[in-house]
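The values are calculated or read from the model by the stated rules, or taken from the named source; none is laboratory data. Bear in mind the structure is a predicted one, so any value in this text is a computation, not a measurement. Because the Cβ atoms are built from the backbone with ideal geometry, glycine has one as well, and the counts that use them run over all protein chains shown.
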Amino acid sequence: MRLGEHPQLTVQLAGSMHLGIRKQGIRRSYLGQPGTVYLASEQQGLWELDWTGAPHEYIQTLQLDVSNELLQRTAAQAGFDTSRLEWRAAPCIEAPLLQQLGYSLATALATLGADDALYVDTVAHMLAAQLVYHHSAQRRPLPTGQGGLAPVRLRQVQDYVQDALGQPITLEEMADVACVSPYHFCRLFRQSTGLSPNQYVISQRVRRAQELLRAGGLGVGQVARAVGYQSAEHFARLFRRHTGVLPHALLK
């Protein structure tokens, strides 16, 4: 098997299996279980794969392909030499955060709508950062700066979000306002607010929606669009998840 130019990340979600990999005449065996993380890249060259699962056992995996462009950009922002970016691929690796991101994304896929681009964008940048910092051949410690965003930068980001609640908001745009890279922005923003950028934007959209619903004059679909959601059904599910009631309950 030969892979493309970017690494392929697979998280095993359910079931167990015995995995065998043969390369250059050497065969190694592994046990795959829920939570096992597999990282493969083109640097591995050609290899043979075989696996067997328990009879009647359901095996579920989630494959995540992080674009090479995003990886190169993340590596450059972190100070890596992007001309020789290589990955320490392995069938079963210790990667708790990659495991957690895989599970979270798998759970969210059932309810994600077209308006959840910020969540997907955030996960993609976190995956790219984890791969660059922890699973590339070049090692570089994570930054240890504390304190979050400077107050003036945080206020600028918050003002930007308030002005753009009815429009798609991307992680790159929020990071540009704060004048930091997307990965560092996620870390610093959480230190400042206790929330991820996606969680914060959702909280502000729900808050604005509550104000509009209580004010009256707009239907649920109109309110949904006013706070950036094209699907009224998706908006209603999200609104109930965060407030405990459906939007109609607040209508005058």
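Condition first: under 15 Å from His242 (Cα atoms) and not in a helix (DSSP H, G or I). Now tell me which residues in segment 174-216 satisfy that. Within segment 174-216, Leu195 is the sole residue that qualifies. Only strands (runs of 3 or more DSSP E) whose full extent lies in segment 1-62 are considered here, and none of them has at least 2 residues that are of a type in the set (Phe, Trp, Tyr) and modelled with pLDDT of 75 or more. Once segment 199-251 is narrowed to residues that are in contact (Cβ under 8 Å) with a residue 60 or more places away in the chain and surrounded by fewer than 17 Cβ atoms within 10 Å (Cβ to Cβ), the residue that is farthest from Tyr160 (Cα to Cα) is Arg237.
Here is a check on your reading of the model: is Arg208 touching a helix residue (DSSP H, G or I) at 6+ places or on another chain (Cβ under 9 Å), within 19 Å of Ala108 (Cα to Cα) and either among the charged types (D, E, K, R) or outside the structural domain of Val161 (by TED's automatic domain parsing) (or both)? Spell out how you get there, then give the answer.
Details: touching a helix residue (DSSP H, G or I) at 6+ places or on another chain (Cβ under 9 Å): yes; within 19 Å of Ala108 (Cα to Cα): no; either among the charged types (D, E, K, R) or outside the structural domain of Val161 (by TED's automatic domain parsing) (or both): yes.
So Arg208 does not fit the description; no.
Residues of segment 74-94 that are modelled with pLDDT of 80 or more and either hydroxyl-bearing (Ser, Thr, Tyr) or within 16 Å of the chain's Cα centre (by Cα) (or both): Thr74 alone. Within the span defined as segment 85-95, one or more residues are among the β-branched types (Val, Ile, Thr) and not in a helix (DSSP H, G or I). Taking the residues in segment 67-92 that are touching a Lys or Arg at 6+ places or on another chain (Cβ under 8 Å) and surrounded by 14 or more Cβ atoms within 10 Å (Cβ to Cβ) as candidates, determine which candidate is farthest from Met126 (Cα to Cα). Step by step, filter segment 67-92, then rank; the result is Pro91.
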